[in-house]
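Notes follow once the structure below has been shown.
Nothing in this text is a laboratory measurement; each read-out follows from the coordinates by a stated rule. On a predicted model such as this, the values are computed, not experimentally measured, just so you know. Cβ sites come from the backbone with ideal geometry, for glycine too, and all protein chains shown count toward neighbours.
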Amino acid sequence: MYEGIVQDLIDEFSRLPGIGPKSAQRIAFHIVQTENLDVTRLAELLATVRENIKFCRICGNVSEQETCGICRDPRRDSTIICVVEESKDVAAIERTREFRGLYHVLGGAISPIDGIGPDDLSIQPLMQRLADASVTEVILATDPNLEGEATATYLTRLLTTLEIRVSRLASGLPVGGDLEYADEVTLGRAFEGRTTLR
Amino acid sequence: MLRTHKLGEADRIITMLSRRHGKIRAVAKGVRRTSSRFGSRLEPFMVVDVQLYEGRSLDTITQAESLAGYGAAIVADYSAYTAASVMVETADRLSEAESSVQQYLLLVGALRSLARAEHPSDLARDSYLLRALSLAGWAPSFDDCARCGAPGPHDHVVVQLGGAVCPDCAPPGSPVLDAGTRELLVALLRGDWDRAEASDDRVRSRAGGIVSAYTNWHLDRGLRSMSHVESERTTP
């Protein structure tokens, strides 16, 4: 335990995700002891982010404006929507430079045991977007874990009533790995989703 | 595997029900990374053989081999997924104090049945709940009076008293238990699937409501997953 505001600072850092008491203490002392650290800029940036960042009213991605840069970009293919769980998944897919369509951020995945059902996710706004006949394909890019798969199953069932192509991201072997080290579930999925070469 | 919680950057806390050691909570390091070699084996509804390193508060999983994987088949059917979620949450709650081989075997059997779609998922769920509660010492009675033991069948049900009750024991305004619902509840408790599957949707819905109320009463806090099953029931 430290005195006064130093302990307050450690406590505040400890509340952040992924930061335990030791890490919080290290960051706090880095701020206290480093001479050339521009603390004012960091503090201003934190306040600005809290004030200015909102969620895109179309796709639910984080944005500084009413709509995000991807939804505003006229070069994006508006006939394809990629459905993801979180905004960080948008960033991961954008890094691939393979996808030029639009996104829809659900805000999580269905997990009844955690009390999260379909009504807690941004599914209704997705259905409203799809009411526009210009969308021809929905790519379900939820996480390849149990909750993500269950969410994809639920969405697939909802979307069967619409005449839209529904696809799911492929699962399988990681690039650069050895086959012998693949676990049986992943390898089984790779066999199920194998592609024809000839 | 009962459930998982995210921990830190790429780890998970895994809650498991073991055959001999009751409920175990352990850390699985790095399993959220796509390069993890056993992340897929540590998903809910999997049956695995794990090696654990004992820790002060939480153990650490060092190896995992799958014995049976029911997750993929269960999530392919949304109603089976919600039913399985209720099952694992119930097992989690019932196993808080002590271990039970019967609870373990009942859960594994129920998940296998759901994965193979052997019975309608709502019936499998309700049968599991009644039998799991019975194993935990809260066996309901749907024939003889749950309070005084008077031979049945009886026309009222009071979950707080343990099931069907005779006219002398039934408090004023007790809900009525019709013959079809009573027959289904008895069949679910005994695992008489021919009789259970012969029931119609209305009877199943009434029996499901009684099982849900009975479960929530005995588990003190209601099951979080149960409300999503009920909303699922009303989804076209």
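Quick notes on this one:
- Residue within the range B:184-198 that is within 14 Å of chain A (Cβ to nearest Cβ), touching a residue at least 12 places away in the same chain (Cβ under 8 Å) and either closer than 18 Å to B:Thr82 by Cα or basic (Lys, Arg) (or both) present: no
- Counting only strands (runs of 3 or more DSSP E) that sit wholly inside the range B:1-109, those with at least 3 residues that are away from chain A (no Cβ under 12 Å) and either touching a residue at least 12 places away in the same chain (Cβ under 8 Å) or among the small types (Gly, Ala, Ser) (or both) are B:11-17, B:23-28, B:46-53, B:59-69.
- Matching residues in the range B:160-182 - criterion: being surrounded by 19 or more Cβ atoms within 10 Å (Cβ to Cβ) and either touching a residue at least 60 places away in the same chain (Cβ under 8 Å) or in a helix (DSSP H, G or I) (or both): B:Leu161, B:Thr181, B:Arg182
- The residues listed here are B:Val47, B:Val75; of these, the one that is more than 26 Å from B:Ala136 (Cα to Cα) and touching a helix residue (DSSP H, G or I) at 6+ places or on another chain (Cβ under 7 Å) is B:Val75.
- Residues of the range B:157-181 satisfying the condition of being more than 19 Å from B:His218 (Cβ to Cβ) and within 27 Å of the chain's Cα centre (by Cα): B:Val176, B:Asp178, B:Ala179, B:Gly180, B:Thr181
- In the set (1) under 19 Å from A:Pro125 (Cα atoms); (2) assigned to a helix (DSSP H, G or I), A:Arg57 fails one condition alone, (2).
- Complete set of residues in the range A:85-116 that are over 21 Å from B:Tyr78 (Cβ atoms) and touching a Phe, Trp or Tyr at 6+ places or on another chain (Cβ under 7 Å): A:Val90, A:Ile93
- Within the range B:9-42, tally of residues that are out of contact with any strand residue (DSSP E or B) (no Cβ under 7 Å at 6 or more places or on another chain) and surrounded by 15 or more Cβ atoms within 10 Å (Cβ to Cβ): 6
- Boolean, A:Ser171 is part of a loop (DSSP other than H, G, I, E, B), over 19 Å from the mean Cα position of the chain (by Cα) and small (Gly, Ala, Ser): no
- A count restricted to the range B:129-159 and to residues that are farther than 15 Å from B:Asn216 by Cβ, without any contact (Cβ under 8 Å) to a residue 60 or more places away in the chain and not in a loop (DSSP other than H, G, I, E, B) stands at 4.
- Of the residues making up the range A:182-198, those that are assigned to a helix (DSSP H, G or I) and surrounded by 12 or more Cβ atoms within 10 Å (Cβ to Cβ) are A:Glu184, A:Val185, A:Thr186, A:Leu187, A:Gly188, A:Arg189, A:Ala190.
- Counted residues, the range B:213-225 - those being out of contact with any Leu (no Cβ under 8 Å at 6 or more places or on another chain) and part of a helix (DSSP H, G or I): 4
Let's see how each residue does on (1) within 14 Å of chain B (Cβ to nearest Cβ); (2) closer than 30 Å to A:Arg129 by Cα; (3) exposed (fewer than 15 other Cβ atoms within 10 Å of the Cβ); (4) not β-branched (Val, Ile, Thr):
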{"residue": "A:Phe13", "(1), (2), (3), (4)": "no, no, no, yes"}
{"residue": "A:Arg26", "(1), (2), (3), (4)": "no, no, yes, yes"}
{"residue": "A:Phe29", "(1), (2), (3), (4)": "no, no, yes, yes"}
{"residue": "A:Leu37", "(1), (2), (3), (4)": "no, no, yes, yes"}
{"residue": "A:Thr48", "(1), (2), (3), (4)": "no, no, yes, no"}
{"residue": "A:Ile53", "(1), (2), (3), (4)": "no, yes, yes, no"}
{"residue": "A:Ser63", "(1), (2), (3), (4)": "no, yes, no, yes"}
{"residue": "A:Gly69", "(1), (2), (3), (4)": "no, yes, yes, yes"}
{"residue": "A:Arg75", "(1), (2), (3), (4)": "no, yes, yes, yes"}
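- If you go through the range A:1-46 and keep only what is not in a helix (DSSP H, G or I) and not hydrophobic (A, V, I, L, M, F, W, C), you end up with A:Tyr2, A:Glu3, A:Arg15, A:Pro17, A:Gly18, A:Gly20, A:Thr34, A:Glu35, A:Asn36, A:Asp38.
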